[in-house]
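These notes concern the structure reproduced below.
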Amino acid sequence: MSEYDHTAIEKKWQDEWARSGIYKTGTDSSKPKQYILDMFPYPSGEGLHVGHPKGYIATDVYSRMKRMQGYTVLHPMGWDAFGLPAENFAIKNKVHPRVAVDKNISNFKHQLSLIGLDYDWAHEINTTDPAYYKWTQWIFIQLLKKGLAYESFEPINWCPSCQTGLANEDLNADGTCERCDSVVEKRPMRQWVLRIKEYADRLLHDLDTLDWPEHIKEQQRNWIGRSEGAEITFAVEGADPVVVFTTRPDTLMGVTFLVVAPEHALARTSTDSTVSTYVRRALGKSEIERTGQKAKTGVLLPSVRALHPVTQEKLPIYVADYVLATYGTAAIMAVPDLDERDGEFARTVGARVAETKLMSADEALKVSDGVRKVQYRIQDWVFSRQRYWGEPIPVVHCEKDGVVPVPEAELPVTLPDVEHYEPTGTGESPLANIETWVNTKCPVCGAPAKRETNTMPQWAGSSWYWLRFMDPANNSALVAPENEKRWGPVDLYVGGDHAVRHLIYARFWHKFLFDIGVVHTIEPFARLEFLGFILAEDGRKMSKRWANVINPNDVIDTFGADAFRTYEMFMGPFENTIAWSTNGLVGTRRFIERLYRAQEYVVSEHVPQLDVALNATIKKVGDDIADFKFNTAVSQMMILQNEIDTIKKIGKDQYATYLKLVAPFAPHVTEELWHELGHTSSIHLEPWPEYDEAKLVSNTVTIAVQVAGKTRGTVALSRGAGEEEVLSAIFSDPKLMVHAPEKPTKVVFVKDRIINLIP
RNA sequence: GCCGGGAUGGCGGAAUGGUAGACGCGCACGACUCAAAAUCGUGUCUCGCAAGGGGUGAGAGUUCGAGUCUCUCUCCCGGCACCA
């Protein structure tokens, strides 16, 4: 037997698999399909650290088993390559973002290739490829045609550092810019916005159909933030009526005043100087300053009074910035008696507090002429960015015809080369400076017109990419219907970090594509497995800044891809965040070596002593991979290996079976050993082993003996032994005899498991 | 405040209501070696020489039997949050 030389073995088989194409996407449509997808990466200049491939290894293990189980498998990989990092790199180094992106992609591909993943690179996609973003633009035009994309001039989040508008989803929890942590301003400017709110109810309800982790569904429910309530109109003396939204119409009789947001027309049009000063100050505050404050401030609107719809009582109206402009009607009815915030505000301004007599919601609506209404926290999706490196929004502005979509035959609208990638800061993208590109003709009337110069956000390309993987080279359709029917939906989607943003945008676009007949399922991702991150050995995030980054290339060089893969699956539960441990990796390396050395134990005849352990391993490894419990699958393989090392003997067929079980985890060494056994075709195309139910359990069992619920020892008997037999075994064991009552008042006997004697 | 998920050795973690701590790391001792590494073997929750006792965040409960089920509480992680 030769030494285990992981470098030679891994190189040899990676080359051979590439040559023979064993991982090509299956074409046999008579077999059941599995579409297994990773969240595709942004190819950063940093390259991969050992945390990144964890999800890729998991889908690799899963897809290998599924292929062996007879499924045709689609397991593709691609690049989500638009976005700010490449653009910032371009600004700094004066190179075209494409150059940096291409370089990064080739580095990523090299790193991935060392891991031995079974991607079918014939299906590779790149969101920055014009042949790809042609269809991203096509989807935008369909949204526009259906009235789901619109221009808005409302104030939006503006990041002064990135110099672009942002969606709410691009902000941190504290309201700062997700990318650079700058304090975000509200800035009124022209923006393209998508009506995701129209899909809010479907996005909420269809969560129930998904096999996703509960915490992800919950995050999406929180983000959508549906609340049921009512709108009630209050007549106002001296001004137009005020409509309020409330989730508690039943508290109507406790209302003692109204409050409107500074943005509310009633506040903005007030001529009172105290009010206008307050409003001006409030509007000048950032989102954080306004929502972060605890003490409530506000002023009375003089010369207006609301009329209580039931008592006709005259109620004061205040303007206060604890009422949000972006939610409900920007006006509330205050019930200081029951609502803590209203109560606090009433104390600050000295407003009246009345005891609330509750009535039924129905009655309240009747007497107040209120209407039931549903409100959402989610806002429409601000979809334009004033930056260079994104998909151009494919519309033309014509003086006569207004906004005109670029005809589909003229797509893609390609991104022109520019001299400077810097954002202009004026609310225009760098594209605005390229006159030859901006100036065009109106597709409707032919008159001179100007192209839209805003680009799409980073999330656009990833909002439909799983469809392109099904049909990557199609130039006449986003995806051919037969391919979409063949592969959709994604059976298993694996990734992390995008619980809300990507997953909600992707579901939104998918539902839209369902509505226009492009896809046949209402949801894109039937099952989602969310991964836990790998921290650095010091327990911190892996980062250049802490100098604690571990590069997979180095690990693979020292320990081999097989040990590396197996370790990442063995570290702990897939969804747990766990610190990397090079010591831990040594353990799986030892396991691979013992597997390798076990070829010395191979004998031609069957070794019955291994039957139980081997059958149990077939069952457990298969079940556990299916359930994403890779850590216990690996530990079961180790248990079998321990058994083999004890017996120092394994039948040739048994070893072959064992190799197939390890193959998804350690594809190179198992392929090598498989060929050593004399096979000439790949182990990865072998049928997955089946277990023999009859051999799953051994003929002897260990029965725990308890006295009054306290375990006193065990007896070993043949399977199926009756109570009498167990009792006689107990009383012939001197150690147990001492504890066991001769005449128990009660005996609990569970066959093959336990006996409990109660004195 | 609301919602979701947790708490088990020195560490990562196992346990259909049925022998808690599988598997791995680490550690200790032993074998091999001139020696070391590698490898192999033995041990490793805790108190105790032993017999035996205690032990899965705390407290109660259900049960012949609870890490697992129920209730109360503490703490940790994540999401949302002046959302009316």
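A few remarks follow.
- For the range A:625-759, the Kirkwood hydrodynamic radius comes to 18.3 Å, computed from all pairs of different C-alpha atoms.
- Share of carbon and sulfur in the accessible area of chain A stands at 50%, probe radius 1.4 Å.
- Entries of A:145/A:217; A:485/A:511; A:620/A:695; A:31/A:109; A:186/A:217; A:66/A:660 with Cα pairs more than 19 Å apart: A:145/A:217; A:31/A:109; A:186/A:217
- Each residue, residue A:515 and residue A:422, gets one label point 7 Å from its Cα in the Cβ direction; the gap between the two is 4.2 nm.
- Among A:758, A:393, the sequence by solvent-accessible area, most first, with a 1.4 Å probe is A:758, A:393.
- Per residue accessible area of the range A:422-537, 1.4 Å probe, in Å²: 34 Å²
- Taking 37 °C and 0.692 mPa s as conditions, the range A:113-243 diffuses translationally at an estimated 170 µm²/s according to Stokes-Einstein applied to its Kirkwood radius (Cα pairs).
- Rg/Rh for the range A:558-709 stands at 1.00; both radii use Cα atoms, and Rh follows the Kirkwood definition.
- Kirkwood Rh, angstrom, the range A:397-513 [1 / mean 1/r, Cα pairs]: 17.3 Å
- Long-range HN-HN contacts of residue A:602 with modeled amide H, under 5 Å: A:650
- Geometric descriptor of the range A:501-613, per residue, is 219 Å³ (volume of the convex hull of the Cα atoms).
- With DNA, RNA and ligands ignored, accessible area of residue A:597 (1.4 Å probe; Å², nearest 10): 110 Å²
- Taken over chain A, the convex hull of the Cα atoms encloses 236 Å³ per residue.
- Cα-based shape type of the range A:269-411, given that a ≥ b ≥ c are square roots of the gyration tensor eigenvalues and the cut on a/c is 1.5: prolate
- Vicinal HN-Hα couplings computed from phi for the range A:587-601 (Karplus, 6.51 cos²θ - 1.76 cosθ + 1.60; Hz; Gly/Pro x): x, 6, 4, 4, 4, 4, 5, 5, 4, 5, 5, 4, 4, 5, 8
- A straight Cα-to-Cα reach below 22 Å connects residue A:541 with the lysines A:54, residues fewer than 8 places away in its own chain not being considered.
- Scattering curve values for the range A:339-472, log₁₀ I(q)/I(0), Debye with Cα scatterers, q = 0.13, 0.14, 0.18 Å⁻¹: -0.72, -0.77, -1.11
- Cα coordinate range in the range A:597-657, projected on the principal axes (Å, largest first): 34, 16, 16
- Relative contact order (%) - chain A, alpha-carbon pairs under 8 angstrom, separation at least six: 14 percent
- Rounded to the nearest 10 degrees, the angle from helix A:84-93 to the longest Cα principal axis of chain A is 80 degrees.
- A straight Cα-to-Cα reach below 15 Å connects residue A:649 with the aspartates and glutamates A:600, A:605, A:611, residues fewer than 8 places away in its own chain not being considered.
- Cα convex hull of the range A:187-306, projected area averaged across orientations, nm²: 11.0 nm²
- Taking every DSSP beta bridge that has both ends in chain A, the antiparallel portion is near 75%.
- √(5λ) per eigenvalue of the Cα gyration tensor, the range A:346-412, largest first, Å: 52, 19, 13
- Cut-off 14 Å between beta-carbons: net charge of the residues surrounding residue A:458, Lys and Arg +1, Asp and Glu -1: -3
- Coarse-grained scattering of the range A:627-706 at q = 0.14, 0.24 Å⁻¹, given as base-10 log I(q)/I(0) from a Debye sum over alpha-carbon atoms: -0.58, -1.36
- Take A:411-419, A:440-448, A:199-207 and order them by the average number of nearby Cβ atoms within 10 Å per residue, most first; the result is A:199-207, A:411-419, A:440-448.
- Overall form of the range A:4-88 per C-alpha gyration tensor (a/c, 1.5; a/b vs b/c): oblate
- Partner aspartates and glutamates whose Cα lies under 14 Å from the Cα of residue A:357, excluding those fewer than 8 positions away in the same chain, are identified as A:250, A:337, A:339.
- Rolling a 1.4 Å probe over the protein heavy atoms gives the range A:1-77 an accessible area of 39 Å² per residue.
- Under Karplus coefficients 6.51, -1.76 and 1.60, residue-wise ³J(HN,Hα) of the range A:155-163 in Hz, glycine/proline x: x, 10, 5, 10, 8, x, 7, 6, 6
- Computed [θ] at 222 nm, deg cm²/dmol, chain A (DSSP H ≥ 4; -39,500 (n - 2.57); rounded to nearest 500): -10500 deg cm²/dmol
- When the range A:35-161 is reduced to its Cα atoms, the Kirkwood hydrodynamic radius in Å: 17.2 Å
- Student exercise, chain A dipole from Lys, Arg, Asp, Glu Cβ charges, in Debye to nearest 20: 920 debye
- Full extension of the chain between residue A:102 and residue A:352 yields a length gain of 83.3 nm, computed as 0.36 nm times the residue separation minus the alpha carbon distance.
- Solvent exposure of the range A:543-672 amounts to 38 Å² per residue of accessible area, where only protein heavy atoms count and the probe is 1.4 Å.
- Computed from Cα positions, the angle between helix A:97-115 and the longest principal axis of chain A comes to roughly 20 degrees.
- Share of pairwise Cα-Cα distances greater than 15 Å in the range A:161-238 is 71 percent (whole percent).
- Applying 0.36 nm per residue to the separation of residue A:738 and residue A:696 and subtracting their alpha-carbon distance, the gain on full extension is 11.6 nm.
- Debye equation applied to the C-alpha atoms of the range A:158-206, log10 I(q)/I(0) at 0.19 Å⁻¹: -0.70
- Label-to-label distance, residue A:677 versus residue A:110, with points set 7 angstrom from Cα along the beta-carbon direction: 3.6 nm.
- Per-residue HN-Hα couplings for the range A:197-210 [Karplus 6.51, -1.76, 1.60; θ = phi - 60°; Hz; x = Gly/Pro]: 4, 5, 9, 4, 5, 5, 4, 6, 5, 6, 4, 5, 8, 9
- Label point distance in nm, residue A:28-residue A:182, each placed 7 Å from Cα along Cα→Cβ: 5.7 nm
- Given charges at Cβ of Lys, Arg, Asp, Glu: the range A:627-669 dipole, positive-most of A:664, A:631, A:654: A:654
- Axis angle, to the nearest 10 degrees, between helix A:652-662 and the longest C-alpha principal axis of chain A: 20 degrees.
The values are calculated or read from the model by the stated rules, or taken from the named source; none is laboratory data. Please read these numbers as outputs of a predicted model, since none were measured by experiment. Here the Cβ is made from the backbone with ideal geometry for all residues, glycine too, and neighbour counts use every protein chain on show. Accessible surface is based on the protein model in full, side chains and every heavy atom, while ligands, DNA and RNA are left aside. Shrake-Rupley method; radii C 1.70, N 1.55, O 1.52, S 1.80 Å.
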